[in-house]
Amino acid sequence: MKAKDYGLSKQDIMEMSDQYLLDIGYHFPIVVEEGNGMYLKDAEGKEYLDFYAGIAVNSAGNCNERIVKAVQEQVAQVMHVSLYPHNTPQAMLAKLVCEQTGFDRIFFQNSGSESNEAMIKMARKYGVENFGPEHYHIVTAKKSFHGRTFAALTATGQPDSAIQKGFLPDLPGFSYAEYNNLDSFREACNENTVAIMVEPVQGEGGVYPATKEFLEGLRKLCDERGMLLLFDEVQTGWCRCGETMAFMHYGVRPDAITMAKALGGGLPLGAVAMTQKCADTLNPGSHGCTFSGNPVCCAAGYAAISELLEKDLAKNAKEMGDYFMSQLQTLPHVKEVRGLGLLVGLELEDVDAVKVKVRAMEKQLLVTATSNRIIRMVPPLIVTKEDCDKAVAVLRESIEEIAAEEN
C-alpha cells in the first residue's frame, strides 16, 4: 500500500496517524513506503541510510529477497493454523534454532515481551514446583528493559521512567541489582530467589555490554544456589553482537534465552528456548498462544536465520562493529563509544542526542536515541565500511550543528 494509490499525500498519512493512533512515542516525520538493503525510501522518493533496522529487526537488510520470496510462497499456501496442528515452517525453524543455539526446546510467540513473559512464567513455576510456593523471586538489573507486558514490565529495572510510571501495583517477586556488579546481585538474592535474568548487552538502558567476569559470576552463583540463569537476547541475538547469540561471545551458557526482532526477518516473531530441565516445568495447558508458530512468520524466520548464518553476517557484524566504533571515536563532543558487534551506543558529553537524531534524519540518516545523551545504532548486518563512513560524516555534521545552536 502506498499513499498515492489512495490519492493521499505524505502529509495526509501523517495527519491520519496523528488523529487515530495513540500518542505514545516519537515518530520520524517521514512516511516509509519502500525498503532495499541499507536504505528506506519515503513517499516523496527520498532515500534514507538505515542505521536502526526497525530497531534491530531487519538484520539481513530491508526487503531481503530470500525472506520476501519465503513469505510470498507461504502466504499462497497457508497463512494461519493456530498451535494445534503441526506445520512445516514452525518445525523447520524450531530445529534450526535449537541446533544453532544448543537448547532442547523452543516455543514461539509474537514478540520479545511475550517471550520474556513465557520465560518468567517458566522460572516461577520451576521454583514453586521444585522448592515451594514462596520460591518465585527473580533478580533483574537496574536500567534493564524486558518489555511492556506486565511481568516483563516489572522485570524492567527502570522504576522512575515513563515505561513503568503509573502501572501500579507492580507484580510481586522482583528485585533489581546493579548491572555488571556481582556483589549487588548476590545481595539481591534471597532464600526464595529462583532466577537471575539479564541482557548480555543492555540496549534500551544505554548500550552497556556485560563483562565476561560478571556473566561468569552469575552462572557460578546460580549453580551454587540452584537458581536458573536467564538471558534476554531479544536485541542481542542472531549475529547482532558478532556471534550467533551474544552468550556465545562470553562463553556463558544460560538455562533459557528469549529472542525476537531479527528472528522474524521483519515479521512479528519471538521465542523462548530452554534446556530440557526447564521445559519439563511446562505441561499442556500451562502456556499457549493463538499465533504460536504462525506459518508465515516462521517461514520468514527460517529464511532470515538461514541468510544470516550462510552469509556469515556475525563475522561482518564484528568487523564492521569494530570499524564503526573506531570511527565514532573521532567525532566531537563524544564522552564514550561502547557496544558489541553492531549494537552500538554513542554517548555525547554536552549535546542533546535527541536533537542530533532529528538532525541526522533531516540529512537522511536514521538512528535512535535511548536518552538525551545516548544515540543507539543497530544497522542491518550487511553494512559496509562505505555505509559506516557515510553515517559518521552525517553524525559529525549533525553534532557540530546542534552544538553550535545550543551554545
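Bear in mind these aren't lab numbers, they're just calculated from the coordinates by the rules spelled out. In this text, all values refer to a predicted model and were calculated from it rather than measured experimentally. We place every Cβ from the backbone using ideal geometry, glycine too, and count neighbours over all the protein chains shown.
Take the alpha carbon gyration tensor of the stretch 192-346, find the square roots of its eigenvalues, order them as a ≥ b ≥ c, and report rounded if a/c is under 1.5; if not, report prolate when a/b exceeds b/c, else oblate. Intermediate results must be reported in sequence, preceding the final value.
On the way: a/c = 2.25, a/b = 1.27, b/c = 1.77.
Note, shape of the stretch 192-346 comes out oblate.
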Exercise. Mind sorting Met79, Met119, Met1, Met325 by how few other Cβ atoms lie within 10 Å of their own Cβ, fewest first?
Key: Met1, Met79, Met325, Met119
Quiz item: Across every pair of different alpha-carbon atoms, what Kirkwood hydrodynamic radius in Å does the stretch 240-330 reach?
Solution: 15.4
Quiz prompt | Neighbour-count order for His135, His80, His249, His146, fewest beta carbons within 10 angstrom listed first | solution = His80, His135, His249, His146
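May I ask you to derive the FRET efficiency for Lys69 and Asp170 from their Cβ-Cβ distance with R0 = 45 Å, giving the value to the nearest 0.05?
So, using R0 = 45 Å, E works out to roughly 0.50.
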Self-check item: Most mobile of Met245, Met16, Met227 in a GNM of the chain (Cα contacts under 10 Å)
Solution: Met16
Quiz prompt | Antiparallel bridge percentage (DSSP; both residues within the stretch 66-310; nearest 5) | solution = 40
Quiz item: Just how large is the dipole of the chain about the Cα centre, in debye to the nearest 20, putting +1 at every Lys and Arg Cβ and -1 at every Asp and Glu Cβ?
Solution: 740
Practice problem: For the stretch 353-364, just list the computed ³J(HN,Hα) in residue order, Karplus coefficients 6.51, -1.76 and 1.60, θ = phi - 60°, integers in Hz, with x standing in for Gly and Pro. | Solution: 5, 5, 5, 5, 4, 5, 5, 4, 4, 5, 9, 6
